Amino acid sequence: MPQPSRPAKRTSLNIRIRPEERGLIDRAARARGQNRTDFILDAARRAAEDALLDRTLLAVDAKAYGDFLKRLDARPRPNARLKRTMRAPAPWERR
């Protein structure tokens, strides 16, 4: 019979924080129905994932990279969807 899985052991992470920042975090955690630790871990995990995803590297050969640069530098070919987009007001200009 398989053993039930046990949650991974947690280790501590100590940080220095100003009282007003701690209060802000505590209020936000309560608003989300979380404790301070879970709130901070969720926020830190999202920030860490974003930081790593921003640095995603795609390795391609010289020809593929050259083709990619040509497409970036090329003028867009007009089509109905592009024309509609260019005529539409910017989101911050809409009422």
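Coordinate-derived values only; no laboratory data. As the structure is a computational prediction, the values presented were derived from the model and not from experiment. No Cβ is skipped: glycine too gets one built from the backbone with ideal geometry, and neighbour counts run over all protein chains shown.
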- prompt: Size of segment 19-95 along its principal axes in angstrom, Cα-based, largest extent first?
  reply: 54, 44, 20
field: Sorted peptide list for 75-84, 25-34, 8-17, criterion being average Cβ within 10 angstrom, highest first
entry: 25-34, 75-84, 8-17
statement: Only helices counted: for the chain, with every DSSP H run of 4 or more residues adding -39500 (n - 2.57) and the sum spread over all residues, [θ] at 222 nm is -17000 deg cm²/dmol
